[in-house]
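Report on the structure given below.
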(Lines give C-alpha, C1' and ligand atoms only; values in the text may rest on other atoms or scores of the structure.)
Protein backbone atom coordinates (compact mmCIF):
# COMPACT_ATOMS: atom_id res chain seq x y z
CA UNK A 1 0.00 0.00 0.00
CA UNK A 2 1.25 3.42 -0.89
CA UNK A 3 1.52 5.89 2.02
CA UNK A 4 0.05 3.33 4.44
CA UNK A 5 1.74 5.03 7.39
CA UNK A 6 -0.41 8.12 6.75
CA UNK A 7 -3.59 6.52 5.52
CA UNK A 8 -4.14 3.94 8.29
CA UNK A 9 -3.72 6.35 11.27
CA UNK A 10 -5.88 8.83 9.31
CA UNK A 11 -8.66 6.26 8.95
CA UNK A 12 -8.42 5.43 12.66
CA UNK A 13 -8.70 9.11 13.65
CA UNK A 14 -11.59 9.65 11.22
CA UNK A 15 -13.54 6.66 12.54
CA UNK A 16 -12.90 7.79 16.13
CA UNK A 17 -14.22 11.30 15.44
CA UNK A 18 -17.12 10.09 13.32
CA UNK A 19 -18.39 7.76 16.04
CA UNK A 20 -17.91 10.39 18.79
CA UNK A 21 -21.65 10.73 19.56
CA UNK A 22 -21.98 6.98 20.13
CA UNK A 23 -19.05 6.36 22.45
CA UNK A 24 -19.41 9.65 24.32
CA UNK A 25 -23.02 8.64 24.98
CA UNK A 26 -21.86 5.28 26.37
CA UNK A 27 -19.35 6.98 28.68
CA UNK A 28 -21.65 9.65 30.17
CA UNK A 29 -24.05 8.68 32.98
CA UNK A 30 -27.47 7.54 31.86
CA UNK A 31 -30.39 10.02 31.92
CA UNK A 32 -32.46 9.52 35.00
CA UNK A 33 -35.96 10.84 35.47
CA UNK A 34 -35.69 13.54 38.16
CA UNK A 35 -37.29 12.88 41.54
CA UNK A 36 -40.10 15.41 41.88
CA UNK A 37 -41.56 16.76 45.08
CA UNK A 38 -45.21 15.78 44.76
CA UNK A 39 -47.77 17.74 46.75
CA UNK A 40 -48.36 16.28 50.17
CA UNK A 41 -51.88 15.11 50.92
CA UNK A 42 -52.99 15.02 47.26
CA UNK A 43 -53.35 11.70 45.50
CA UNK A 44 -54.28 12.75 41.97
CA UNK A 45 -53.88 15.69 39.62
CA UNK A 46 -56.72 17.09 37.49
CA UNK A 47 -56.04 14.35 34.92
CA UNK A 48 -54.01 11.10 35.06
CA UNK A 49 -50.32 11.68 35.79
CA UNK A 50 -49.20 10.14 32.47
CA UNK A 51 -51.35 12.59 30.54
CA UNK A 52 -50.25 15.56 32.65
CA UNK A 53 -46.59 14.66 32.16
CA UNK A 54 -46.95 14.61 28.38
CA UNK A 55 -49.54 17.31 27.76
CA UNK A 56 -49.48 19.84 30.62
CA UNK A 57 -48.15 22.52 28.29
CA UNK A 58 -51.00 21.85 25.87
CA UNK A 59 -53.53 22.05 28.71
CA UNK A 60 -52.08 25.38 29.88
CA UNK A 61 -52.19 26.70 26.32
CA UNK A 62 -55.85 25.76 25.88
CA UNK A 63 -56.70 26.99 29.40
CA UNK A 64 -55.33 30.44 28.61
CA UNK A 65 -57.41 30.81 25.44
CA UNK A 66 -60.57 29.37 26.98
CA UNK A 67 -60.36 31.57 30.08
CA UNK A 68 -59.29 34.79 28.41
CA UNK A 69 -60.97 34.68 25.02
CA UNK A 70 -64.01 32.43 25.53
CA UNK A 71 -64.71 33.47 29.13
CA UNK A 72 -64.88 29.83 30.19
CA UNK A 73 -63.09 29.57 33.50
CA UNK A 74 -64.26 26.15 34.69
CA UNK A 75 -62.49 22.98 33.56
CA UNK A 76 -64.56 19.82 33.78
CA UNK A 77 -61.99 17.04 34.01
CA UNK A 78 -62.49 13.66 32.39
CA UNK A 79 -63.52 12.24 35.78
CA UNK A 80 -66.20 14.93 36.15
CA UNK A 81 -64.44 17.08 38.76
CA UNK A 82 -64.63 20.84 38.16
CA UNK A 83 -61.53 23.02 38.50
CA UNK A 84 -61.03 26.78 38.26
CA UNK A 85 -58.87 27.59 35.27
CA UNK A 86 -55.90 29.38 36.81
CA UNK A 87 -52.20 28.60 36.88
CA UNK A 88 -51.52 30.60 40.03
CA UNK A 89 -54.70 29.81 41.92
CA UNK A 90 -55.29 26.18 40.94
CA UNK A 91 -52.07 24.48 39.76
CA UNK A 92 -49.71 26.22 42.15
CA UNK A 93 -52.02 25.77 45.13
CA UNK A 94 -51.04 22.08 45.17
CA UNK A 95 -47.69 22.31 43.42
CA UNK A 96 -46.39 24.94 45.80
CA UNK A 97 -42.82 23.75 45.40
CA UNK A 98 -41.76 25.22 42.05
CA UNK A 99 -38.04 24.55 42.54
CA UNK A 100 -38.49 20.84 43.16
CA UNK A 101 -41.43 20.28 40.84
CA UNK A 102 -41.42 22.48 37.72
CA UNK A 103 -37.76 23.44 37.62
CA UNK A 104 -36.28 19.97 38.15
CA UNK A 105 -37.82 18.50 35.00
CA UNK A 106 -37.42 21.66 32.95
CA UNK A 107 -33.75 21.95 33.88
CA UNK A 108 -32.91 18.33 33.15
CA UNK A 109 -34.66 18.65 29.77
CA UNK A 110 -33.04 22.02 29.01
CA UNK A 111 -36.31 23.88 28.52
CA UNK A 112 -36.82 27.31 30.02
CA UNK A 113 -40.47 28.34 29.80
CA UNK A 114 -41.05 31.98 30.63
CA UNK A 115 -44.22 31.46 32.68
CA UNK A 116 -42.67 33.01 35.77
CA UNK A 117 -41.70 36.27 34.12
CA UNK A 118 -45.31 37.29 34.71
CA UNK A 119 -47.02 34.63 36.78
CA UNK A 120 -46.15 34.81 40.43
CA UNK A 121 -44.35 31.71 41.66
CA UNK A 122 -45.76 30.25 44.86
CA UNK A 123 -44.14 31.64 47.96
CA UNK A 124 -44.34 28.49 50.04
CA UNK A 125 -41.39 26.61 48.59
CA UNK A 126 -41.41 23.82 51.13
CA UNK B 1 -35.08 -10.53 -15.44
CA UNK B 2 -34.71 -7.18 -17.06
CA UNK B 3 -36.27 -4.00 -15.71
CA UNK B 4 -37.07 -1.14 -18.00
CA UNK B 5 -36.31 2.37 -16.91
CA UNK B 6 -40.05 3.04 -16.86
CA UNK B 7 -40.76 0.20 -14.38
CA UNK B 8 -37.87 1.27 -12.18
CA UNK B 9 -39.15 4.85 -11.94
CA UNK B 10 -42.68 3.63 -11.11
CA UNK B 11 -41.44 1.50 -8.21
CA UNK B 12 -39.09 4.21 -6.96
CA UNK B 13 -41.90 6.77 -7.02
CA UNK B 14 -44.26 4.51 -5.09
CA UNK B 15 -41.63 3.78 -2.45
CA UNK B 16 -40.91 7.48 -1.90
CA UNK B 17 -44.64 8.16 -1.56
CA UNK B 18 -45.00 5.34 0.99
CA UNK B 19 -42.08 6.61 3.07
CA UNK B 20 -43.37 10.16 3.01
CA UNK B 21 -46.90 9.12 3.97
CA UNK B 22 -45.70 7.12 6.98
CA UNK B 23 -43.62 10.04 8.36
CA UNK B 24 -46.57 12.39 7.82
CA UNK B 25 -48.84 10.00 9.75
CA UNK B 26 -46.29 9.81 12.58
CA UNK B 27 -46.16 13.60 12.75
CA UNK B 28 -49.95 13.84 12.84
CA UNK B 29 -49.94 11.32 15.69
CA UNK B 30 -47.60 13.49 17.74
CA UNK B 31 -49.98 16.48 17.80
CA UNK B 32 -51.07 17.43 21.33
CA UNK B 33 -54.33 15.85 22.33
CA UNK B 34 -57.12 16.96 24.60
CA UNK B 35 -58.03 14.55 27.35
CA UNK B 36 -61.13 12.69 26.15
CA UNK B 37 -64.16 13.70 28.17
CA UNK B 38 -62.75 17.01 29.41
CA UNK B 39 -64.92 20.09 28.86
CA UNK B 40 -64.72 23.84 29.36
CA UNK B 41 -67.58 25.71 30.99
CA UNK B 42 -68.50 29.16 32.18
CA UNK B 43 -68.07 29.39 35.95
CA UNK B 44 -71.22 29.33 38.04
CA UNK B 45 -70.64 32.60 39.89
CA UNK B 46 -69.77 34.86 36.97
CA UNK B 47 -71.61 38.12 36.29
CA UNK B 48 -72.90 38.41 32.73
CA UNK B 49 -73.91 41.42 30.65
CA UNK B 50 -74.44 42.37 27.04
CA UNK B 51 -72.39 45.54 27.34
CA UNK B 52 -70.52 46.40 30.52
CA UNK B 53 -70.24 50.11 31.24
CA UNK B 54 -69.21 52.45 34.03
CA UNK B 55 -70.64 55.71 35.32
CA UNK B 56 -68.38 57.96 37.40
CA UNK B 57 -70.29 60.45 39.51
CA UNK B 58 -67.66 63.15 39.79
CA UNK B 59 -69.83 65.11 42.26
CA UNK B 60 -69.26 62.43 44.87
CA UNK B 61 -65.48 62.44 44.53
CA UNK B 62 -63.99 65.39 46.35
CA UNK B 63 -60.75 64.93 48.18
CA UNK B 64 -57.35 63.65 47.20
CA UNK B 65 -57.96 60.71 49.55
CA UNK B 66 -61.03 59.65 47.57
CA UNK B 67 -58.96 59.25 44.43
CA UNK B 68 -56.00 57.69 46.24
CA UNK B 69 -58.24 55.06 47.84
CA UNK B 70 -59.73 54.03 44.49
CA UNK B 71 -56.41 54.04 42.64
CA UNK B 72 -54.67 52.06 45.40
CA UNK B 73 -57.44 49.46 45.41
CA UNK B 74 -57.01 48.85 41.68
CA UNK B 75 -53.23 48.90 41.66
CA UNK B 76 -52.96 46.52 44.62
CA UNK B 77 -55.27 43.93 43.13
CA UNK B 78 -53.58 44.00 39.72
CA UNK B 79 -49.93 44.31 40.74
CA UNK B 80 -49.55 47.68 39.01
CA UNK B 81 -46.09 49.07 39.82
CA UNK B 82 -45.54 52.67 40.90
CA UNK B 83 -42.67 53.88 38.76
CA UNK B 84 -41.82 57.52 39.54
CA UNK B 85 -40.53 58.43 36.05
CA UNK B 86 -42.07 58.99 32.60
CA UNK B 87 -42.11 55.20 32.26
CA UNK B 88 -44.99 55.00 34.74
CA UNK B 89 -47.71 52.37 34.41
CA UNK B 90 -51.28 53.68 34.58
CA UNK B 91 -54.45 51.66 34.95
CA UNK B 92 -56.52 54.32 36.65
CA UNK B 93 -55.33 57.87 37.27
CA UNK B 94 -56.52 61.49 37.40
CA UNK B 95 -56.18 64.63 35.32
CA UNK B 96 -57.75 68.10 34.93
CA UNK B 97 -60.83 68.98 32.89
CA UNK B 98 -59.14 70.52 29.85
CA UNK B 99 -57.00 67.42 29.35
CA UNK B 100 -59.86 64.99 29.96
CA UNK B 101 -62.75 66.47 27.97
CA UNK B 102 -60.74 67.96 25.12
CA UNK B 103 -63.80 68.29 22.86
CA UNK B 104 -65.46 70.75 25.21
CA UNK B 105 -65.52 74.21 23.68
CA UNK B 106 -67.02 76.10 26.57
CA UNK B 107 -64.84 79.10 27.32
CA UNK B 108 -66.30 80.04 30.69
CA UNK B 109 -66.70 76.89 32.71
CA UNK B 110 -67.28 77.14 36.41
CA UNK B 111 -63.88 77.17 38.09
CA UNK B 112 -64.92 74.31 40.35
CA UNK B 113 -65.46 72.05 37.33
CA UNK B 114 -62.31 73.23 35.56
CA UNK B 115 -60.02 72.80 38.56
CA UNK B 116 -61.38 69.44 39.61
CA UNK B 117 -59.56 66.13 39.17
CA UNK B 118 -61.25 63.46 37.05
CA UNK B 119 -60.68 59.72 37.24
CA UNK B 120 -59.38 58.25 34.02
CA UNK B 121 -59.17 54.65 32.88
CA UNK B 122 -59.53 52.56 29.75
CA UNK B 123 -62.86 53.47 28.15
CA UNK B 124 -63.58 49.98 26.79
CA UNK B 125 -64.84 51.50 23.54
CA UNK B 126 -67.54 50.08 21.33
CA UNK B 127 -65.15 50.68 18.38
CA UNK B 128 -61.74 50.28 19.99
CA UNK B 129 -58.91 51.64 17.79
CA UNK B 130 -56.36 49.64 19.80
CA UNK B 131 -57.99 46.39 18.70
CA UNK B 132 -57.97 47.47 15.05
CA UNK B 133 -54.26 48.21 15.01
CA UNK B 134 -52.99 45.26 17.07
CA UNK B 135 -51.03 43.07 14.62
CA UNK B 136 -51.13 39.93 16.78
CA UNK B 137 -54.69 40.08 18.14
CA UNK B 138 -53.22 40.33 21.62
CA UNK B 139 -55.84 43.00 22.28
CA UNK B 140 -59.40 42.05 21.55
CA UNK B 141 -62.97 42.94 22.46
CA UNK B 142 -65.03 40.37 24.29
CA UNK B 143 -68.69 39.75 23.51
CA UNK B 144 -69.68 41.70 26.64
CA UNK B 145 -67.87 44.84 25.42
CA UNK B 146 -64.75 44.59 27.59
CA UNK B 147 -61.49 45.26 25.77
CA UNK B 148 -58.80 43.00 27.20
CA UNK B 149 -55.29 41.88 26.46
CA UNK B 150 -53.54 38.54 26.19
CA UNK B 151 -50.07 39.46 27.43
CA UNK B 152 -48.72 36.16 26.10
CA UNK B 153 -49.27 37.42 22.59
CA UNK B 154 -48.19 41.04 23.01
CA UNK B 155 -44.99 41.72 21.05
CA UNK B 156 -44.56 45.24 22.43
CA UNK B 157 -44.97 47.07 19.12
CA UNK B 158 -47.00 49.81 20.86
CA UNK B 159 -49.32 50.40 17.89
CA UNK B 160 -52.17 50.23 20.40
CA UNK B 161 -50.64 53.04 22.44
CA UNK B 162 -50.51 55.18 19.31
CA UNK B 163 -54.06 54.13 18.44
CA UNK B 164 -55.66 54.77 21.83
CA UNK B 165 -57.13 58.31 21.88
CA UNK B 166 -57.32 58.28 25.68
CA UNK B 167 -53.74 57.45 26.69
CA UNK B 168 -55.04 54.47 28.60
CA UNK B 169 -52.16 52.16 27.72
CA UNK B 170 -48.74 51.90 29.31
CA UNK B 171 -45.62 50.14 28.12
CA UNK B 172 -43.28 48.16 30.37
CA UNK B 173 -39.91 49.63 29.45
CA UNK B 174 -38.30 47.44 32.10
CA UNK B 175 -39.11 44.66 34.52
CA UNK B 176 -41.97 46.01 36.66
CA UNK B 177 -41.34 43.71 39.62
CA UNK B 178 -38.72 45.80 41.44
CA UNK B 179 -41.32 48.61 41.64
CA UNK B 180 -43.96 46.49 43.35
CA UNK B 181 -44.04 46.94 47.09
CA UNK B 182 -46.15 43.87 47.63
CA UNK B 183 -47.30 41.30 45.11
CA UNK B 184 -50.85 39.99 45.04
CA UNK B 185 -50.20 36.24 44.64
CA UNK B 186 -53.61 35.68 43.02
CA UNK B 187 -52.89 37.87 39.96
CA UNK B 188 -49.93 37.86 37.55
CA UNK B 189 -47.53 40.74 37.07
CA UNK B 190 -46.35 41.80 33.64
CA UNK B 191 -42.92 41.49 32.08
CA UNK B 192 -40.57 43.80 30.23
CA UNK B 193 -41.74 44.59 26.71
CA UNK B 194 -45.52 44.29 26.95
CA UNK B 195 -48.25 46.92 26.99
CA UNK B 196 -50.85 46.84 29.75
CA UNK B 197 -54.10 48.55 30.71
CA UNK B 198 -57.27 48.37 32.77
CA UNK B 199 -59.28 45.16 32.27
CA UNK B 200 -62.62 46.36 33.73
CA UNK B 201 -61.74 43.66 36.29
CA UNK B 202 -62.87 40.92 33.92
CA UNK B 203 -61.20 38.37 36.21
CA UNK B 204 -63.26 39.62 39.19
CA UNK B 205 -66.52 39.57 37.20
CA UNK B 206 -65.85 35.89 36.49
CA UNK B 207 -66.02 35.10 40.20
CA UNK B 208 -68.99 37.34 40.94
CA UNK B 209 -67.18 40.44 42.21
CA UNK B 210 -67.59 44.01 40.98
CA UNK B 211 -64.47 45.89 39.82
CA UNK B 212 -62.05 46.90 42.57
CA UNK B 213 -62.47 50.64 41.90
CA UNK B 214 -66.26 50.35 42.11
CA UNK B 215 -66.02 48.59 45.47
CA UNK B 216 -63.59 51.17 46.83
CA UNK B 217 -65.58 54.19 45.61
CA UNK B 218 -68.40 54.13 48.20
CA UNK B 219 -71.02 54.49 45.48
CA UNK B 220 -69.34 57.17 43.40
CA UNK B 221 -68.62 54.72 40.58
CA UNK B 222 -71.45 52.63 39.17
CA UNK B 223 -71.02 49.53 37.06
CA UNK B 224 -73.56 47.55 35.10
CA UNK B 225 -75.11 46.44 31.85
CA UNK B 226 -75.72 49.27 29.38
CA UNK B 227 -78.26 47.14 27.51
CA UNK B 228 -80.40 46.58 30.60
CA UNK B 229 -82.74 49.55 31.34
CA UNK B 230 -82.93 48.53 35.00
CA UNK B 231 -79.19 48.41 35.62
CA UNK B 232 -77.64 50.98 37.97
CA UNK B 233 -75.73 52.61 35.11
CA UNK B 234 -78.79 53.09 32.92
CA UNK B 235 -80.78 54.50 35.85
CA UNK B 236 -78.00 56.96 36.68
CA UNK B 237 -77.69 57.99 33.03
CA UNK B 238 -81.46 58.46 32.75
CA UNK B 239 -81.59 60.75 35.79
CA UNK B 240 -78.45 62.83 35.25
CA UNK B 241 -76.66 64.79 32.55
CA UNK B 242 -73.56 62.83 31.55
CA UNK B 243 -70.62 63.30 29.21
CA UNK B 244 -68.02 61.03 27.66
CA UNK B 245 -64.45 61.64 26.56
CA UNK B 246 -63.89 62.69 22.92
CA UNK B 247 -67.35 61.63 21.67
CA UNK B 248 -66.70 63.19 18.23
CA UNK B 249 -64.18 60.52 17.15
CA UNK B 250 -66.81 57.78 17.22
CA UNK B 251 -65.17 55.27 19.52
CA UNK B 252 -68.29 55.10 21.73
CA UNK B 253 -66.59 54.90 25.12
CA UNK B 254 -68.12 52.77 27.86
CA UNK B 255 -67.17 55.16 30.67
CA UNK B 256 -69.63 57.98 31.40
CA UNK B 257 -69.06 61.01 33.63
CA UNK B 258 -71.77 62.78 35.59
CA UNK B 259 -70.41 66.32 36.02
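The values are calculated or read from the model by the stated rules, or taken from the named source; none is laboratory data. Quantities reported herein were computed from a predicted structural model and do not represent experimental measurements. Glycine also receives a Cβ, built like all others from the backbone with ideal geometry; neighbour counts cover every protein chain displayed.
Identify, please: which residue in the range B:48-82 is surrounded by fewer than 18 Cβ atoms within 10 Å (Cβ to Cβ) and in contact with a helix residue (DSSP H, G or I) (Cβ under 7 Å, 6 or more places away or on another chain) and is, among those, nearest to residue B:188 (Cα to Cα)? Here the residue is B:82.
If you check A:112, A:86, which single one turns out to be at the interface with chain B (Cβ under 9 Å from one of its Cβ atoms) and out of contact with any helix residue (DSSP H, G or I) (no Cβ under 6 Å at 6 or more places or on another chain)?
A:86 is the lone residue from the list that is at the interface with chain B (Cβ under 9 Å from one of its Cβ atoms) and out of contact with any helix residue (DSSP H, G or I) (no Cβ under 6 Å at 6 or more places or on another chain).
For the range B:17-43, give me each residue that is within 14 Å of another protein chain (Cβ to nearest Cβ) and surrounded by 10 or more Cβ atoms within 10 Å (Cβ to Cβ).
So in the range B:17-43, the residues within 14 Å of another protein chain (Cβ to nearest Cβ) come out as B:29-43.
Across the range B:17-43, the qualifying residues are B:32, B:33, B:34, B:35, B:37, B:38, B:39, B:40, B:41, B:42, B:43.
Within the set B:50, B:76, B:90, the sole residue that is more than 14 Å from chain A (Cβ to nearest Cβ) and on the phi < 0 side of the Ramachandran plot turns out to be B:90.
Within the range A:1-60, the set of residues being touching a residue at least 24 places away in the same chain (Cβ under 8 Å), part of a helix (DSSP H, G or I) and in contact with a helix residue (DSSP H, G or I) (Cβ under 8 Å, 6 or more places away or on another chain) comprises A:60 only.
Listed here are the residues, each with its yes/no results for (1) within 27 Å of residue B:252 (Cβ to Cβ); (2) modelled with pLDDT under 95; (3) touching a strand residue (DSSP E or B) at 6+ places or on another chain (Cβ under 9 Å).
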position	(1), (2), (3)
B:158	yes, no, yes
B:181	no, yes, no
B:185	no, yes, no
B:190	no, no, yes
B:195	yes, no, yes
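Yes/no per residue for (1) more than 15 Å from the chain's Cα centre (by Cα); (2) under 27 Å from residue A:85 (Cα atoms); (3) touching a residue at least 24 places away in the same chain (Cβ under 8 Å):
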{"residue": "B:132", "(1), (2), (3)": "no, no, yes"}
{"residue": "B:149", "(1), (2), (3)": "no, yes, yes"}
{"residue": "B:163", "(1), (2), (3)": "no, no, yes"}
{"residue": "B:199", "(1), (2), (3)": "no, yes, yes"}
{"residue": "B:208", "(1), (2), (3)": "yes, yes, yes"}
{"residue": "B:214", "(1), (2), (3)": "yes, yes, yes"}
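Go over the candidates A:63, A:83 one by one and state the one that is part of a strand (DSSP E or B) and within 26 Å of the chain's Cα centre (by Cα). Break it down into steps so the answer makes sense when it comes.
Values: A:63 fails: part of a strand (DSSP E or B).
Checking each option against the conditions leaves just A:83.
Of the candidates B:203, B:182, B:215, the single residue that is outside any loop (DSSP other than H, G, I, E, B) and over 18 Å from residue B:51 (Cα atoms) is B:215. For residue B:171, the test of being within 17 Å of the chain's Cα centre (by Cα), within 13 Å of chain A (Cβ to nearest Cβ) and surrounded by fewer than 21 Cβ atoms within 10 Å (Cβ to Cβ) is failed.
If you go through the range A:38-45 one residue at a time, do you hit one that is crowded, with 17+ Cβ neighbours inside 10 Å, facing chain B (nearest Cβ under 8 Å) and closer than 23 Å to residue B:43 by Cβ? Give the steps one after another, and end with the answer.
Taking the range A:38-45 as the starting set, the residues that turn out to be crowded, with 17+ Cβ neighbours inside 10 Å are A:45.
Subsequent filtering for residues that are facing chain B (nearest Cβ under 8 Å) retains none.
Looking through the range A:38-45, none of the residues is crowded, with 17+ Cβ neighbours inside 10 Å, facing chain B (nearest Cβ under 8 Å) and closer than 23 Å to residue B:43 by Cβ.
Of the listed requirements (1) within 14 Å of chain B (Cβ to nearest Cβ); (2) loosely packed, with under 13 Cβ neighbours inside 10 Å; (3) in contact with a helix residue (DSSP H, G or I) (Cβ under 7 Å, 6 or more places away or on another chain), residue A:73 misses just one: (2). If you go through the range B:135-144 and keep only what is away from chain A (no Cβ under 11 Å) and under 10 Å from the mean Cα position of the chain (by Cα), you end up with just B:139.
When residue B:178 is tested against the conditions (1) closer than 18 Å to residue A:115 by Cα; (2) under 16 Å from the mean Cα position of the chain (by Cα); (3) away from every other protein chain (no Cβ under 13 Å), the lone failure is (2). Looking only at the range A:77-126, which residues are without any contact (Cβ under 8 Å) to a residue 60 or more places away in the chain, farther than 27 Å from residue B:194 by Cβ and surrounded by fewer than 13 Cβ atoms within 10 Å (Cβ to Cβ)? Of everything in the range A:77-126, those that are without any contact (Cβ under 8 Å) to a residue 60 or more places away in the chain, farther than 27 Å from residue B:194 by Cβ and surrounded by fewer than 13 Cβ atoms within 10 Å (Cβ to Cβ) turn out to be A:79, A:80, A:81, A:124, A:126.
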